[in-house]
Structure formats: C-alpha cells, structure tokens
C-alpha cells in the first residue's frame, strides 16, 4: 500500500526507496564495492528486492507476534511507519507529503492485521482440530493468510516502485528535437574497431550506469533550470530553451567509473552533444580561490571537479545528447556533465540542476566523507577482451585484442606478455581523439597448454600503467589485467 501511495506523492517517498536511500548514503565504501562487484549495474535492483523481502518477513513476524502479543505487534507496525516516514523526510527536497506513504501503509497494515486476527478469533469459536502436522487448524489458516498478505505487500512494493518510474518525462524526452552541432562533427576513423574488441562506440542500452539513485529522477525540461552561483562575479540561471540556443558541439568521450575493477566493464565510449562548460564558467567569472566546481543533481547528489580542469580547454560538456538522441532518462535526461579525464564520481553529474563555485577546503562532495578522494584523474588502464578468461582456443595463431584508455592524455603504446615472456608491442587502432579509449590487437602463436596473458598500456606522457594491484577505493584500481586460457 505504501509504495502504491508513493506513485502519487513521488517515488522517493515510498519506504522501499527512502530506507534504501538512507542505506546507500551510509554504507561503507567496501560494502558499496562488494555490491557493484557482485551485482554490477543491477546493484540497486538487488538492494530494492532485498529490502522488499526483509519488509515481507518483518510483516510476517509481526503477524506471528500478534497471536499472543497484540500490543507489541501494534508497536512494531507503528515503528515501521515512523522509520519509513523519517527516512522519506530526510531525502533531498522532501515535503510534508513525503511521510504519507509510510504512515498510510502503517495504518493499512494495522487494519489488515486486525482483520486477520478477528477472523481467526471468530473461527476459533469452533473447537480446534489438529492438522496433519499437529498444528491447530485455525492457527495454520491464520499463518497461511498472513504469508499471503506479506507476499502481496512485498510484491506491491516492487510493483509500485516500477509504476512510479514510468512518468510523463518519457513523453517529454520523445518530443525533444536536438539542435545541430556547430563546427565539424567527429568521424570514427576506419580501422578504429579492432577484431575481437568491444564496439568502439557503446550503444546507449549497453552503457554502464552506476549512481546512488534508487529511483531515476524525473526532470521535466519545461521546468528545468540550471543555477550557477557561489564564488562568482556574475551568477547565472538558464532555462532549457536558453540552453538549446547556445552553441553546441559533438564529441566522442570515454567515461569510466572509479569502481571499475582491473579488467572490468564499467566504462563506455559515446558521442555526446552539449555546450562547453568552460563558456558558462567564463560568463559567471569565478572569484580568485574558487578551486572547486560543485555539481548538484535533482536528487541532491553532489560531485566536485577542479575549476582549472573545467576551464583548461578540454571538451568538458553540459551534455543533452548521447549517440544522436536525447540523453536517456537513466543517463541524466535532460542535462548532465561529461568531463574527459576525470572519473565519473567527481565530474559526471546526471540530472544536473546546480553548479556552485567554492573551495575544496570548504565543501566535501557526496563521496569524499565516505572515503573517496576529492580529486580523481583517470588512471592509465588496459583490458583484454579476447580471448576470454577460461577460453579453450585451438593451437595456432590467435588474435589477442582489447581496449586501453588514458582520457585526455591518450594511449601511446600497448604491450602484451605471454606467461613470463618478454613484453611485445601490440598494434594500435586509430582513435578519434585522446579523450576516447583506443583499441589494440596482437597475433599470438599459441601452443598447447595453459597460458597467462597480460596487458599493459603507456600514455602519451610516457607513464606506464601501475603494476601493483590496488582496489578501486580511494581513487581508482591499479594493476595489469590478465586472463588464463587453456589452448587445445
């Protein structure tokens, strides 16, 4: 009931999402990494499903308690309502109505439990007959009905959450006509796709999504505003229509998540349409000392990027398009940030509504108090896409291929090692720019037996990726990707 009410009051007000959001906000970095490592881009779905199951078990437990301790069961239902309401009220932008779903859900739960207990009491006027397992028949019926109600409650919670994610914003997105880009449109050079490597351009449906939003923010372009303020001489506020009238450029940029393990797939390359953020910052005219650009999402999430990076001439964009269409809602519609060379958690704000110029010494963005570095340039990395781990190819010439990236610096060299042999240069495919990944391939004369393949990359600054293995926290994983294969 509570999640169904939340369809009207806002998806973030439902107890599933509200309590889940509090969990996400306070979970240790190690737990976050574990969730992403196990569930990948389905981490939020797993959290919601787990929360729904726990709520169902909690409801069932209260029902069992109500058989002998009615007052305690009532207190348990009240606790559910208060915790859910408090969690909902704590979310960014929550109004008084945010508490309604949990409170109404608690009242509804009380009535349902009272009805089940009354029904059991009425049936109990007849002599109890032991069932096959020796349990009184009346009690077995009560527990059966209770289990059905708990299951329906959990299912309704998930169903309400799914209903709330389908909003009129999808219709508004379909009506968006993207403006044409000024200047030349980048062209993917012939040969950029290495045989066996992932697609040079990542399709929108395949692009990784890692964020803290349990419910995708629904932002209507008609009411969208971007406010640029803080340590600036000229505060700015622009509307969607004003943004569309600004000069637009298209650029291929590879984005990477800081949670990406060595050899992981939390990385993608896309064609982005947007207006240069440098121009907007220049118009706002930051004051001396304003070394951090804090970006705020519609759901209150924040990230902070160095002001110098966003003004150094790189193609940092306030993006509205992705691979030739309006941004997908899950990837930030209507507007997001795209910054080559920085991990997403410090730069790639989706559903952006606010930019504040401040100091790193004065403000910590969302992930910093949770153990992550305030500044995080992308580290040089490489990955083997083929052959896959555990593959059993036939002896002979085998193509080893993959991708390497060092956004805004570019890849100068990729080397492959077989077992403990020498490092051999791989062939590099051409790339659009230093802001995208670069694909590579290497012919290997494979012999029968088990072998370890390794890869490492060197960027255009002459820096070879770090060999020592380190986890993603606090500023990106390090190590050389390797795969073990058994050649037949």
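A few comments on the model shown:
- The alpha carbon convex hull volume per residue for the stretch 279-359 rounds to 93 Å³.
- Among 338, 83, a tally of other beta-carbon atoms within 10 Å of each Cβ gives an order, fewest to most, of 83, 338.
- Packing rank of 232-241, 475-484, where each peptide gets the mean count of other beta carbons within 10 Å, highest leading: 475-484, 232-241
- Residue order, fewest to most beta carbons within 10 Å, for 291, 170, 461, 435: 461, 170, 291, 435
- Prolate/oblate/rounded label for the stretch 155-290 (Cα gyration tensor, a/c 1.5): oblate
- The stretch 211-236 and the stretch 405-453 have their alpha-carbon centroids 41 Å apart.
- Efficiency of FRET from Cβ geometry, residue 31 and residue 185, R₀ 25 Å, rounded to 0.05: 0.05
- With the simple model of a label 7 Å out from the Cα in the direction of the Cβ, residue 177 to residue 448 spans 6.7 nm.
- Here the peptides 73-81, 389-397 are ranked by packing, the mean other Cβ count within 10 Å, and the order with the highest first is 73-81, 389-397.
- Nearest-0.05 FRET efficiency for residue 399 and residue 420, computed from C-beta distance (R0 35 Å): 0.95
- Evaluated over the stretch 174-370, the Cα radius of gyration and Dmax, each in Å: 16.4, 52
- Sorted peptide list for 250-260, 270-280, 354-364, criterion being average Cβ within 10 angstrom, highest first: 250-260, 270-280, 354-364
Bear in mind these aren't lab numbers, they're just calculated from the coordinates by the rules spelled out. Since the model is a prediction, treat every value here as computed from it, not as a measurement. Methodologically, a virtual Cβ is constructed for each residue, glycine included, from the backbone with ideal geometry; neighbour enumeration extends over all protein chains shown.
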